[in-house]
1. Hey, among Tyr137, Tyr163, Tyr130, Tyr183, which residue is of a type in the set (Phe, Trp, Tyr) and more than 30 Å from Leu39 (Cα to Cα)?
2. Which of the helices (runs of 4 or more DSSP H) found entirely inside the range 72-172 contain at least 2 residues meeting this: surrounded by 20 or more Cβ atoms within 10 Å (Cβ to Cβ)?
3. Looking only at the range 203-230, count how many residues are assigned to a helix (DSSP H, G or I) and under 10 Å from Ala86 (Cα atoms).
4. Quick one: which of Ala216, Ala196, Ala224, Ala212 is of a type in the set (A, V, I, L, M), surrounded by 19 or more Cβ atoms within 10 Å (Cβ to Cβ) and modelled with pLDDT of 95 or more?
5. Can you report the number of residues in the range 227-237 which are modelled with pLDDT of 95 or more and of a type in the set (D, E, K, R)?
6. Does at least one position in the range 58-72 carry a residue that is aromatic (Phe, Trp, Tyr) and farther than 24 Å from Arg181 by Cα?
7. Which residue out of Thr208, Thr192, Thr202, Thr151 is over 24 Å from Asn58 (Cα atoms), hydroxyl-bearing (Ser, Thr, Tyr) and free of Cβ contacts under 8 Å to residues at least 60 places away in the same chain?
8. Given the conditions (1) within 29 Å of Pro171 (Cα to Cα); (2) modelled with pLDDT under 95; (3) in a helix (DSSP H, G or I), report the number of the one that Ala34 does not fulfil.
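The values are calculated or read from the model by the stated rules, or taken from the named source; none is laboratory data. From a predicted model like this one, the values you see are computed outputs, not experimental measurements. Heads up, the Cβs are rebuilt from the backbone with ideal geometry, glycines too, and the neighbour counts pull from every protein chain shown.
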Amino acid sequence: MANQAVFSMRRGVKGSRKRTPWLRWLVFIVLIAAASVLLSIVVFRYVNPPITSVIAINKLRGASVQQQWVPLQDISRNLPLAVIAAEDGRFCLHWGVDWSAVKEAIDEGGGLAGFRGASTIPMQTAKNLYMWNRRSYVRKVIEAPLAYLLTIVWPKERVMEVYLNIAQFGPGIFGAEAASRHYFKKSASKLTRREAVLLAVTLPSPRTRNPAKPNARMLRLANAVERRLPYIATRADCVAPPQR
């Protein structure tokens, strides 16, 4: 019996040794992926991302993609203000995650399901850069630390610039410049306040909302966002200093 026990222990040790290399490889791959993402965040502070995961997924599916990168100063001031008013009212105040908005979303959403609707602009930027569109708790858990990293490494102007250039505004339409030209036949630098608001309320559902042909629900949302703009203008100096 003692010999059998010793033999079983030896077999267990051998089996664990066989499995150990797989675990080591898994840890190695995770560490390499994390290091690559961290390095890319540092690089993308200065270099425009050549592609994003969401755009890559669209291209792999055979969809056409419209995108034209423009610097933040070549985008109408109306658009970052409208996006902050619609998506992330405390954008200039938080460090990546707005926990007060998370708590409010959880309370209003009836539990943790509400957390999925509390994305900040840094969280959405991280999602567009590195992840996928389908909502899940796993994605949210990854988004939060990435949003903190983006906010630590990038100034808020860079966060907004990248977001407005990679956000999806329609089927295959990415970035403010492509969206402005597609829907309003003008450069993003020429967007009016109303056009900017309509683009901003398109962001949560870019595949079903058309800012050039807004339905009744879009118009109600746009009116609500537009009423917030004077207040938001006093809190958005990190990307849109008050006009004199």
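1. Going through Tyr137, Tyr163, Tyr130, Tyr183 in turn, just one is of a type in the set (Phe, Trp, Tyr) and more than 30 Å from Leu39 (Cα to Cα): Tyr183.
2. Numbers: elements: 78-87, 99-109, 121-130, 137-153, 156-166.
Correct list: 78-87, 121-130, 137-153, 156-166.
3. Residues meeting the conditions: 7.
4. Working: Ala216 fails: surrounded by 19 or more Cβ atoms within 10 Å (Cβ to Cβ); Ala224 fails: surrounded by 19 or more Cβ atoms within 10 Å (Cβ to Cβ); Ala212 fails: surrounded by 19 or more Cβ atoms within 10 Å (Cβ to Cβ).
Exactly one residue qualifies, and that residue is Ala196.
5. Counting residues in the range 227-237 that are modelled with pLDDT of 95 or more and of a type in the set (D, E, K, R) gives 2.
6. So the first thing to find is which residues in the range 58-72 are aromatic (Phe, Trp, Tyr), and the list is 69.
From the residues that got through so far, the ones that are farther than 24 Å from Arg181 by Cα too are none.
No: the range 58-72 contains no residue that is aromatic (Phe, Trp, Tyr) and farther than 24 Å from Arg181 by Cα.
7. Details: Thr208 fails: over 24 Å from Asn58 (Cα atoms); Thr192 fails: free of Cβ contacts under 8 Å to residues at least 60 places away in the same chain; Thr202 fails: over 24 Å from Asn58 (Cα atoms).
Thr151 is the lone residue from the list that is over 24 Å from Asn58 (Cα atoms), hydroxyl-bearing (Ser, Thr, Tyr) and free of Cβ contacts under 8 Å to residues at least 60 places away in the same chain.
8. (1)
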